[in-house]
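The values are calculated or read from the model by the stated rules, or taken from the named source; none is laboratory data. These figures come from a predicted structure and were not determined experimentally. Neighbour counts run over all protein chains shown; Cβ positions are idealised from the backbone, glycine included.
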Amino acid sequence: MLVFSDVDASIVIVSFNGRELLQRCLSSVFEHTTGIEFEVIIVDNASADGTPEMVLAEFPKVTLIRRASNAGFAYAVNEGVTIARGSYILLLNPDAEFTANGMPAMIEYLSEHPDIAVLAPKLLNPDGSLQLSCRAFPGFSTALFNRYSLITRFFGRNRFSRRYLMTDFDHTQIADVDWASAACWLLPSRAIEKIGPLDEGYFWTIEDVDYCQRVHRAGMRVVYFPSIEVLHQIGASSASVPSKAITARHRGMWRYYKAYLRPESKITRAVMDAIVWIGIGTRRSWSLVARRRS
């Protein structure tokens, strides 16, 4: 049960072996967040690079939870949210950085729109270019037309890749979307109570897609809010364990398929299960080989 207090927002960050990234992230938070009462909660997933020690030494105002093992992103987020006191919860990746004081405007927008469960700001790459952070819900065609596929890389203007990646979407306008990257989310605590915690069956990635599915099914909204911009270095959080990250991502794909794309007919389900299982396994193997060669 969430406990409400005079804290406007609780910023929950999950860290794992990214000391320098987290240091920059926290510095940006404290530098650029004014006009509201906030707390910062770090849940560290058993980092071995001195991350917890850095937090204790340089950011004494932060609440630090030191886990003895890495139970995954969703599990750690839920642990942080459990002790959060804010009326709003900001989920923030340690590889993200604030560039301006955006929290008050996001909180004000959510207070004016009580049907929104997830508010996601515009994400920018470190060089300032647009990061495609909101997408259509994935389907079977996403296997061929995702961000990393060869078809998208060489024929990026095809309509299937454009639809999934929303490359034709006006990223300057506030709009409802299927889902948005959880690198930076602001959620009302009351919405979390209604929808529930992140699904801990996802160890890393896809938990955000799953959560947005649940938001929509609960009759609430996911909104892209480009008025606020946040820098985000894609993949930096998982760079220390690339093979485990790849495996976890593909296990998440299988879980998502079973939850939202699996056919109801037993015969059709058996055929599709086999096709999807082989497809995900092949993609995982190819990704691991490509990673080792790079």
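Just so you know, in the range 250-266 the residues that are of a type in the set (D, E, K, R) and under 16 Å from Gln213 (Cα atoms) include one that is surrounded by the most Cβ atoms within 10 Å (Cβ to Cβ), and it is Arg255. Evaluating Ala274 against the criteria (1) surrounded by 14 or more Cβ atoms within 10 Å (Cβ to Cβ); (2) farther than 23 Å from Glu79 by Cβ leaves one unmet condition, (1). Considering only residues in the range 283-294 that are among the hydroxyl-bearing types (Ser, Thr, Tyr) and surrounded by 11 or more Cβ atoms within 10 Å (Cβ to Cβ), the one that is modelled with the lowest pLDDT turns out to be Ser287. Out of Thr152, Thr205, I need the residue that is at positive phi and at pLDDT below 95. Which one? Result: Thr205 is the single residue among Thr152, Thr205 that is at positive phi and at pLDDT below 95. Of all the residues in the range 196-215, those that are within 29 Å of Ala100 (Cβ to Cβ) and in a helix (DSSP H, G or I) number 6. Could you tell me whether any residue of the range 89-97 is modelled with pLDDT of 95 or more, under 19 Å from the mean Cα position of the chain (by Cα) and over 17 Å from Trp185 (Cβ atoms)? No - not one qualifying residue is present in the range 89-97.
Looking at Thr172, is it assigned to a loop (DSSP other than H, G, I, E, B) and either within 20 Å of Asp115 (Cβ to Cβ) or modelled with pLDDT of 95 or more (or both)? In short, yes.
Does Pro226 satisfy the criteria of being in contact with a Ser or Thr (Cβ under 8 Å, 6 or more places away or on another chain) and buried (at least 20 other Cβ atoms within 10 Å of the Cβ)? Break it down into steps so the answer makes sense when it comes.
Working: in contact with a Ser or Thr (Cβ under 8 Å, 6 or more places away or on another chain): yes; buried (at least 20 other Cβ atoms within 10 Å of the Cβ): no.
So Pro226 does not fit the description; no.
Which of the residues belonging to the range 87-142 are among the β-branched types (Val, Ile, Thr) and in contact (Cβ under 8 Å) with a residue 24 or more places away in the chain? Listed by number, the residues that qualify are Ile89, Thr99, Ile107, Ile116, Val118.
Filtering Ser47, Ser111, Ser69, Ser87 for residues that are surrounded by fewer than 17 Cβ atoms within 10 Å (Cβ to Cβ), in the same structural domain as Tyr211 (by TED's automatic domain parsing) and within 23 Å of Val230 (Cβ to Cβ) leaves a single hit, Ser111. In the condition set (1) modelled with pLDDT under 75; (2) out of contact with any helix residue (DSSP H, G or I) (no Cβ under 8 Å at 6 or more places or on another chain); (3) hydrophobic (A, V, I, L, M, F, W, C), Met166 is compliant with all but (1). Output yes when any residue across the range 105-123 is aromatic (Phe, Trp, Tyr) and under 25 Å from Arg157 (Cα atoms), and no when none is. No, there is no match, as no residue in the range 105-123 is aromatic (Phe, Trp, Tyr) and under 25 Å from Arg157 (Cα atoms).
In the range 172-185, is there at least one residue being within 13 Å of Ile89 (Cβ to Cβ) and small (Gly, Ala, Ser)?
From the range 172-185, those within 13 Å of Ile89 (Cβ to Cβ) are 182, 184-185; that's our starting set.
When the remaining residues are screened for being small (Gly, Ala, Ser), the result is 182.
Yes, there is a match, as at least one residue in the range 172-185 is within 13 Å of Ile89 (Cβ to Cβ) and small (Gly, Ala, Ser).
Restricting attention to the range 106-120, does a residue exist that is part of a strand (DSSP E or B), at negative phi and touching a Ser or Thr at 6+ places or on another chain (Cβ under 9 Å)?
The answer is yes; a qualifying residue exists.
Ala270 meets all of the listed conditions (1) within 19 Å of Trp204 (Cα to Cα); (2) modelled with pLDDT of 85 or more but one, namely (1).
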